[in-house]
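Asks: One structure follows; several queries about it will come next.
The values are calculated or read from the model by the stated rules, or taken from the named source; none is laboratory data. This is a predicted model, so every value here is computed, not measured. Note: ideal-geometry Cβ built from the backbone for every residue, glycine included; neighbour counts use all protein chains shown. SASA here: full protein model, heavy atoms, side chains in, ligands and nucleic acids out. Shrake-Rupley method; radii C 1.70, N 1.55, O 1.52, S 1.80 Å.
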Amino acid sequence: MRKDWDIDAGRGLWLFRASRLEALVAPLDALLTHLPPTALLAPQTVLVGHPGLRPWLRQRLAACRGPSGIVANLELALPGPWLDGLAQTLLGVSTAATRASQREVLRWRLLPRLGELADVRVQALLDEDDGREAFALAERLSAALPPLMLYRPEWLARWARGREAVAGDALLASAWRLVQASTARGGIGDTERGHAMHRGERLLELARRLTDSESRPEGIADDPLHVFGLHHLAPPELAVLRALSRWRPVVVHVADPCREHWLGMGTGRAAMRAALAGDDLGESAFLALDHPLLAAWGRLGQHFLLALEDDGLALNERHGVDAADAPPRHLLDRLQHSLRANDPTLLRVADTNALAALHDDASLRVTRCATPLRELETLRDALMDAFATLPALQPGEIVVLAPDIARYRPLIPAVFGEAGQRDGAWPWHAADAPLSVLHPLHRALRQALALSGARLTASGALDLLAHAAVARRFGLEGQGEGTLRHALARLGVAWGFDADDRARFGAPADPMHSFDGGLDRAMAGHVFGLRDPEVLTLPDGERLWPGDGVDVGVAAVLGRLHALLLELREWAELGESALAPAAWQATLERRIAALLAVAPGDDEARQTLESALGLVAELHDEWRDAELAAPLPWAAVREALLAKLDAVPERQRFLAGGITFCGMVPQRAIPFR
């Protein structure tokens with residue numbers, strides 16, 4: 001890699017490669033320093049592949065610049081939103097038109113029209129559905145269509161004309177025609193081509209405008225646009241960047257695993273192109289083209305690198321780190337060396353002595369464990385050995401990735417202690433955690449959403465009261481585990497609001513062991529005491545046994561519990577509602593305010609409550625952008641809210657210090673030692 005960065009700052013597409021992502025930071029930092037924007041306060045833009053790359057890249061740039069440098073006025077953006085924003089600027093596309101093609105809005109555009117789908121299976125599903133299955137179907141369809149806008153626009157064009165694109169595509173084709181029809185009726189988006197352009201068409205139109213323009217379009221900066229750490233871009237997105245490179249340098253910093261020209265794979269570049277362009281070879285035949293791990297890296301990544309080289313590059317350089325041929329130190333080093341050299345024979349073991357030596361090589365190992373807990377215990381033992389043998393290894397240099405990190409998250413504290421204790425024996429934090437596990441207030445909201453269609457048990461009500469925001473709202477702080485648990489047990493409360501609620505779940509319509517029955521017994525015991533231990537017959541004919549031990553203090557606590565039960569009944573009865581979108585927003589905001597209260601001065605809880613209300617506002621924005629006016633069943637609204645609570649927030653911190661536990665996607669591109 002060059003040391004002299006006094007290069008021609010002309011336009012064009014520049015490509016920097018390295019097998020190690022950290023090696024690409026130096027050219028990025030040099031170009032940011034040597035080619036600043038003309039405007040003094042204009043930000044420099046770097047497109048990154050994932051939010052998790054943002055803090056890591058800032059830290060590495062700061063380390064490059066040292067104690068006398070500073071990293072500021074740097075816009076680290078995701079490619080999709082940035083390109084959509086460019087389309088809005090240059091094409092005059094409205095925000096509503098941009099949002100109309102997004103999954104979150106598409107599902108609401110499809111939901112009220114699912115009955116129009118030409119599929120008997122859908123009709124059978126909708127006949128006895130409360131809204132949950134319909135929402136799940138709309139969610140699946142809305143997830144399938146956006147990728148087709150970028151990768152298979154010819155399919156969408158055939159479907160729009162009523163023709164088949166591939167065998168068995170009737171359901172997707174019918175869904176796409178519904179989307180097109182709703183767009184035409186609602187006037188969503190632009191109609192330059194006689195119909196509203198979807199995202200793929202819009203990006204191609206943007207690329208055409210940039211290509212055909214005779215002068216620099218207004219709003220296009222003159223400093224380089226950097227694309228860092230992406231493994232793939234869809235063809236229309238890459239077309240926009242290529243067209244944009246006419247007016248400003250576009251610098252792509254890509255992690256290329258092999259220093260050889262591996263895109264040809266040992267059978268030649270032409271053979272590789274034919275393999276990628278032709279019919280599916282099948283996995284075994286495709287992997288046989290050359291180094292199996294390079295082939296398994298994926299066709300999308302290979303397509304991306306081939307597409308980058310299709311036209312002339314103004315600059316194409318590889319980092320010198322890939323030219324180093326130091327002898328491998330251990331098995332993992334040997335594997336990485338074989339990938340960089342595109343030579344799987346480097347993994348072969350010369351003799352039995354060399355094979356025996358690998359048994360003590362801990363750099364790459366496969367361990368079989370009986371349970372997830374045992375996996376974590378084995379991991380802890382391996383880390384203890386790593387700290388003992390690797391010089392100056394720090395917890396922040398370790399990442400633990402799992403395909404399903406949720407399976408392990410509850411068990412990690414049992415092995416590594418509580419999270420966030422930087423001075424503890426095992427400092428660690430969990431990244432890409434869903435919103436619902438980040439704060440008790442979110443967990444309380446999730447429990448309240450689940451009340452509709454579920455039995456409310458005594459233990460379930462006490463679990464809700466374990467959340468400080470719920471207990472505070474009803475004045476029951478500290479009462480759940482003490483007074484209330486004993487009182488409900490003595491009153492025989494098991495589950496159900498009342499007799500009717502128990503009958504709804506197939507039990508006899510008897511108030512005994514319900515909350516209403518228990519509170520009636522408490523009232524009778526408080527009024528009549530135990531002077532007459534006989535069963536009482538009330539004026540309405542109901543017979544009950546007075547509860548004992550209900551003094552003034554217990555009665556006051558049970559009165560506040562009754563207020564909580566009235567609120568929980570409101571949540572449970574939402575399942576019988578179908579309201580217009582605006583009414584749902586008002587109802588949910590009212591219910592959340594009635595259930596949760598934050599202590600003064602608790603800024604974290606206050607921000608969490610605001611974020612919960614923000615989820616409702618997000619739903620309302622989706623309904624507005626979908627131009628949805630039809631009443632929505634509670635099941636669909638609840639599933640949408642639960643999905644938002646189970647999603648990973650974009651602004652979550654990924655590098656918070658200590659060992660990082662996370663899923664496979666967010667940080668797999670970030671180098672850890």
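Asks: Say R0 is 22 Å: what FRET efficiency, to the nearest 0.05, do Ser611 and Leu401 get from their beta-carbon distance?
Replies: Numbers: r = 27 Å, r/R0 = 1.22.
With a Förster radius of 22 Å, E is 0.25.
Asks: Additional query: Multiply the residue gap between Val366 and Ala160 by 0.36 nm, knock off their C-alpha separation, and tell me the result in nm, one decimal place.
Replies: Working: separation 206, 0.36 × 206 = 74.16 nm, distance 5.01 nm.
Stretched fully, the Val366-Ala160 segment lengthens by 69.1 nm.
Asks: In whole percent, how big is the carbon plus sulfur part of the accessible area of the stretch 60-165, probe 1.4 Å, protein atoms only? Don't jump to the answer; show the numbers that get you there.
Replies: Values: 2750 of 5360 Å².
That share works out to 51 percent.
Asks: What is the helix-to-structure angle for 372-389, meaning the angle in degrees between its Cα long axis and the longest Cα principal axis of the chain, kept from 0 to 90 and rounded to the nearest 10?
Replies: In the chain, helix 372-389 runs at an angle near 50 degrees to the longest axis.
Asks: What relative contact order, as a whole-number percentage, does the stretch 335-466 give when Cα pairs under 8 Å and 6 or more residues apart are counted? Provide the component values of the computation, followed by the final result.
Replies: Working: 53 pairs, mean separation 16.5, N = 132.
Averaging sequence separation for qualifying contacts and normalising by length gives 12 percent for the stretch 335-466.
Asks: If you don't mind, another one. Between Gly517, Gln479, Ala583, whose Cα lies farthest towards the positive end of the dipole of the chain when Lys and Arg beta carbons carry +1 and Asp and Glu beta carbons carry -1, centred on the Cα centre?
Replies: Of the listed residues, the answer is Ala583.
Asks: Quick one: helix 132-151 against the long Cα principal axis of the chain, what's the angle to the nearest 10°, folded into 0 to 90?
Replies: Long axis of 132-151 versus the principal axis of the chain: about 10 degrees.
Asks: Using r as the Cβ-Cβ distance of Ser94 and Arg504, and R0 as 56 Å, what FRET efficiency do you calculate, to the nearest 0.05? Before the final figure, lay out the partial values.
Replies: Working: r = 47 Å, r/R0 = 0.83.
Computed FRET efficiency for Ser94 and Arg504 comes out at 0.75.
Asks: Let me ask something additional. Using a basic spin-label model with each label point 7 Å from the Cα along Cα→Cβ, how many nm lie between His513 and Arg569?
Replies: The two pseudo-label positions are separated by 2.1 nm.
Asks: Per-residue ellipticity at 222 nm for the chain, helices alone: DSSP H runs ≥ 4 residues times -39500 (n - 2.57), over residue total, nearest 500 deg cm²/dmol? Can you show the working numbers first?
Replies: Values: 29 runs with 320 residues, N = 673.
The per-residue figure over the chain is -14500 deg cm²/dmol.
Asks: Hey, got the dipole for the stretch 144-185? About the Cα centre, +1 on K and R Cβ, -1 on D and E Cβ, debye to the nearest 20?
Replies: Details: 6 positive and 3 negative charges, 32 e Å.
Here the size comes out at about 160 debye.
Asks: Another one. Given charges of +1 on the Cβ of Lys and Arg and -1 on the Cβ of Asp and Glu, with all other atoms neutral, how large is the dipole of the chain about its Cα centre, in debye to the nearest 20? Working shown, then result.
Replies: Working: 72 positive and 87 negative charges, 230 e Å.
Computed charge dipole of the chain: roughly 1100 debye.
Asks: Could you go through the stretch 445-456 in sequence order and give the Karplus-derived ³J(HN,Hα) for each residue, using 6.51 cos²θ - 1.76 cosθ + 1.60 with θ = phi - 60°, rounded to whole Hz, and x for Gly and Pro?
Replies: Taking θ as phi minus 60°, the curve returns 5, 5, 5, 5, 5, 7, 5, 5, x, 10, 7, 8 Hz for the stretch 445-456.
Asks: Same structure, new question: Of (i) 54; (ii) 47; (iii) 28, which one was derived for percent of Cα pairs over 40 Å apart from the structure shown?
Replies: Only one listed value fits the structure, namely (ii).
Asks: A follow-up question, please. Note down the nm distance, to one decimal, between modelled labels 7 Å out along Cα→Cβ at Leu355 and at Ala167.
Replies: The modelled label-to-label distance comes out at 4.5 nm.
Asks: Given H placed on each backbone N at 1.01 Å, which residues far from Met197 in sequence or on other chains put an amide H within less than 5 Å of it?
Replies: Long-range HN contacts for Met197: Asp190, Glu192.
Asks: Hey, what do the phi angles of the stretch 25-37 turn into as Karplus ³J(HN,Hα) couplings, whole Hz, using 6.51/-1.76/1.60 and θ = phi - 60°, x for Gly and Pro?
Replies: 5, 4, x, 4, 4, 5, 6, 4, 6, 8, 10, x, x
Asks: Suppose R0 equals 30 Å. What FRET efficiency, 1/(1 + (r/R0)^6) with r the Cβ-Cβ distance, do Asn316 and Asp343 give to the nearest 0.05? Show your work: numbers first, answer last.
Replies: Details: r = 23 Å, r/R0 = 0.76.
Taking R0 as 30 Å, the efficiency between Asn316 and Asp343 is 0.85.
Asks: Same structure again: Once a ≥ b ≥ c are taken as the square roots of the eigenvalues of the Cα gyration tensor of the stretch 1-114, is the result rounded (a/c under 1.5), prolate (a/b larger than b/c) or oblate (a/b not larger than b/c)? Intermediate results must be reported in sequence, preceding the final value.
Replies: On the way: a/c = 2.47, a/b = 2.03, b/c = 1.22.
The shape class here is prolate.
Asks: Also: Tell me the Kirkwood radius of the stretch 456-546: reciprocal of the mean inverse pair distance over distinct alpha-carbon atoms, in Å. Provide the component values of the computation, followed by the final result.
Replies: Values: mean 1/r = 0.0708 Å⁻¹.
The Cα-based Kirkwood calculation yields 14.1 Å.
Asks: Helix 634-646 versus the longest principal axis of the chain: what angle, 0 to 90°, nearest 10, using Cα atoms?
Replies: Tilt relative to the chain: about 50 degrees.
Asks: Here's a follow-up. Can you check what the net charge comes to around Leu456, using other residues whose Cβ is under 11 Å from the Cβ of Leu456 (Lys, Arg +1; Asp, Glu -1)?
Replies: Numbers: positive: Arg455, Arg502, Arg569; negative: Asp463, Asp498, Asp501.
Net of charged neighbours comes to 0.
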